[in-house]
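Here the structure is laid out as structure tokens; the discussion comes afterwards.
The values are calculated or read from the model by the stated rules, or taken from the named source; none is laboratory data. Here the structure is a predicted model, which means the values were calculated and not measured. Here Cβ is always computed from backbone atoms with ideal geometry, including for glycine, and neighbour counts include all displayed protein chains.
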Amino acid sequence: MIEGAGATRNRLAVAGARATTAAVLSEQPRRDVLRNAVFAGLLLLAVLIALAGLVALLVQAFIKGAPALSADLITNPPSTAFPEKAGYRPAIIGSIQLIAGVIVFVVPVGIGAALYLEEYADGERWWNKLIEINIQNLAAVPSIIYGILGLAFIVRGPLDLGFILAAGALTLGLLVLPMVIIAAREAIRAVPDSIRQGSLALGATRWQTIRSQVLPASIPGIATGVILAVSRALGETAPLLLVGATVFVTFDPTPFGADGYSALPVQIFNYALRPQEEFQALAAAGIIVMLGVLLAMNSFAIWLRNRYEQRW
Amino acid sequence: MLEAQSPRHGEKVIQGLLAICAVLSVLTTTAIVISLIGPTIGFFEVVPIGDFIFGADWTPQFEPPSFGVLAIVVGTLNVTLWAMLFAIPVGLGSAVYLSEYAGPRVRRTIKPALEILAGIPTVAIGFFAVSFILPSLIQPLWPGEFLGGAVGKPFMALAAALGIGLMVVPIIASISEDAMSAVPHGLRDGAYALGATRAKVAVRVVFPAALSGIVASVVLAISRALGETMIVVLAAGSTPQATFNPVESIQAMTSYIAVTATGDIPAGSTDYRSVFAVGTVLFLMTLVMNVIAVRLVRRYREVYE
């Protein structure tokens, strides 16, 4: 802890210098002290505004959604005629299937890409640099552009799947893939090289080393990244609007059914567009359900990280 | 030299499979570009490119239709401008507070709260903007008839802007805080030793030293604001007009795409192709922002790591 000792010594020196300076100048200029206080107050105000926004959002959803919170919300299909009995059943089932599809696509591809970039790729080669820059840029492409991609490339065009749930899942999968790759790379990078060298020295091949040493050690980090990516996919609305998630699906959707599908955020959006008080309450109640699921997923991710994170 | 007893073909196959996974990301970008370009070229065969870029009337449903993209580009910029005027002071203020003032315990409460805010789906923020920010915050507080008045309007740019502002505050705060925390302590200690107050150290020493990271956070936030869809669809309305007035209803590029491309719009129609032309404009605008941000982040990492 040489650095720690250095910092302590620095701090002592600073304290000494300050005391001397203060003694010499007798006191800091009053204007500076006042300015310092005003500045600190403004900073605190900025933090409080951000926190107040979050709290107001949550409180408003609860107050507005309270009248619609009941078991009907989960078990009943949507209805325009009887808003008091309407619910989210097909949307919730659709979202569960979408998420399952995203996981099936993103876990192997994301981990595979991360393994290639960390374990095999020579970072100096231009094609590997290209992949690197590409992933950074993809992570910041607006989600609605992924919707356009899904519409032109997956629903129609080369893949031509039609407006089915699997097309929606693939679109969302492409959207969160960069997040998974970035998180998985960090987890893989955190495994120290001595582990790999030890394994290789014992005669293991590269892939045996990855499979039995690197992957097991980085699984908690990768899992955390996957959960965060999935929670992003769960809340995405815009791309789904373009790839066929439609508004009033009253039956339980299937992955390849041609009759259409829905998702939780899309159904919330649809209720939110209707000005009547009952639908506004339904929208708010749906938001509570969605935020509850997201909070549970994110808490699990944090728990996972803290429980299994290895310190080398 | 030790030699492997077998040629290990399996190893090569696995390396190839992993490389394909990585290449898929490049293919995604290529697919985005291809799917945007094709219909956009088709669109410009019907609508002259000059009318598109320099026209300010966006009336696709009229006969004859007019596709002056400036109307919805300015709509997007309107929302982005007011969102940033809210989010930059709040986000940077939070970042300076967290990095220079807050003790470890305060930081442990505020940072997770900001992470929760960053994880809230935008459809929830859009609902909050149109059903709380607009009727309960803007309308009671807006000064009378100023700029045309706020009362009685069901949608307006400012409501969406404040929602988007709330959404990007965590982005600005966390990236800027990272940049400020990366400033070496020696710089601060030097300033303190000369008798500077905390405010002076933050503004004159830490802020300039972390500037590239701070600018990167703002650029990324702008990019997110340009591309945000659900908040503008729910709160900003669908009136294409080239104005920066915050209490007018406007249409953003993203909301045009989201509203027009839903359902089964016939492929190959001019309306269908206009979605891709607007998408191209949006993609180029965010691409420029992202490239700038990536460069800036790399710069501050290089300086202090």
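A compact table of results
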| quantity | calculated |
| --- | --- |
| First in segment A:24-35 and of a type outside the set (Val, Ile, Thr), second anywhere and surrounded by 12 or more Cβ atoms within 10 Å (Cβ to Cβ) and modelled with pLDDT of 75 or more, Cβ under 8 Å, 6 or more apart | A:LEU25/B:GLY195; A:GLN28/B:GLY195; A:GLN28/B:THR197; A:ASP32/B:THR197; A:ASP32/B:ALA199; A:ASP32/B:LYS200; A:ARG35/B:THR197; A:ARG35/B:ALA199 |
| Any hit, segment B:118-135, residues being more than 8 Å from chain A (Cβ to nearest Cβ), surrounded by fewer than 21 Cβ atoms within 10 Å (Cβ to Cβ) and touching a Leu at 6+ places or on another chain (Cβ under 6 Å) | no |
| Positions within segment B:1-44 being modelled with pLDDT under 90, among the polar types (S, T, N, Q) and closer than 21 Å to A:PRO108 by Cα, in sequence order | B:SER25 |
| Index of the failed condition, B:GLY10 passing every other in (1) under 21 Å from A:ASN134 (Cβ atoms); (2) facing another protein chain (nearest Cβ under 8 Å); (3) surrounded by fewer than 16 Cβ atoms within 10 Å (Cβ to Cβ) | (1) |
| Qualifying residue in segment A:92-107 (condition: in contact (Cβ under 8 Å) with a residue 12 or more places away in the chain, surrounded by 17 or more Cβ atoms within 10 Å (Cβ to Cβ) and among the polar types (S, T, N, Q)) | yes |
| Candidate set from segment A:104-156 (those that are within 27 Å of B:GLU228 (Cβ to Cβ) and outside any helix (DSSP H, G or I)); member that is nearest to the chain's Cα centre (by Cα) | A:ALA139 |
| Residue that is under 30 Å from B:ILE37 (Cβ atoms), more than 10 Å from chain A (Cβ to nearest Cβ), in a helix (DSSP H, G or I) and touching a Pro at 6+ places or on another chain (Cβ under 6 Å), where the choices are B:ARG295, B:ARG273 | B:ARG273 |
| Tally, over segment B:131-187, of residues that are within 19 Å of B:ILE231 (Cα to Cα), in contact with a helix residue (DSSP H, G or I) (Cβ under 7 Å, 6 or more places away or on another chain) and not hydroxyl-bearing (Ser, Thr, Tyr) | 23 |
| Residues of segment B:82-106 that turn out to be under 24 Å from B:ILE164 (Cα atoms), more than 9 Å from chain A (Cβ to nearest Cβ) and either free of Cβ contacts under 8 Å to residues at least 12 places away in the same chain or surrounded by fewer than 17 Cβ atoms within 10 Å (Cβ to Cβ) (or both), as a count | 1 |
| Residue pairs meeting the criteria (Cβ under 8 Å; at least 6 apart or on separate chains; first at pLDDT below 95, in segment A:151-174; second of a type in the set (Asp, Glu) and surrounded by fewer than 24 Cβ atoms within 10 Å (Cβ to Cβ)) | A:PHE163/B:ASP264 |
| Hey, A:SER143 buried (at least 20 other Cβ atoms within 10 Å of the Cβ) and more than 8 Å from every other protein chain (Cβ to nearest Cβ) or not | no |
| Meets criteria (closer than 30 Å to B:THR280 by Cβ, buried (at least 18 other Cβ atoms within 10 Å of the Cβ) and either among the β-branched types (Val, Ile, Thr) or within 12 Å of another protein chain (Cβ to nearest Cβ) (or both)) for A:LEU159 | no |
| Sole residue being in contact with a helix residue (DSSP H, G or I) (Cβ under 8 Å, 6 or more places away or on another chain) and away from chain A (no Cβ under 13 Å), chosen from B:GLU228, B:GLU248 | B:GLU248 |
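Each row is one residue, and each column tells you yes or no for (1) in contact with a Gly (Cβ under 6 Å, 6 or more places away or on another chain); (2) under 25 Å from A:TYR261 (Cβ atoms); (3) surrounded by 18 or more Cβ atoms within 10 Å (Cβ to Cβ).
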position: B:THR197; (1), (2), (3): no, no, yes
position: B:VAL206; (1), (2), (3): no, no, yes
position: B:VAL219; (1), (2), (3): no, no, yes
position: B:GLY227; (1), (2), (3): no, yes, yes
position: B:PRO240; (1), (2), (3): no, no, yes
position: B:PHE244; (1), (2), (3): no, no, no
position: B:ILE250; (1), (2), (3): yes, no, yes
position: B:MET253; (1), (2), (3): no, no, yes
position: B:PRO266; (1), (2), (3): no, yes, no
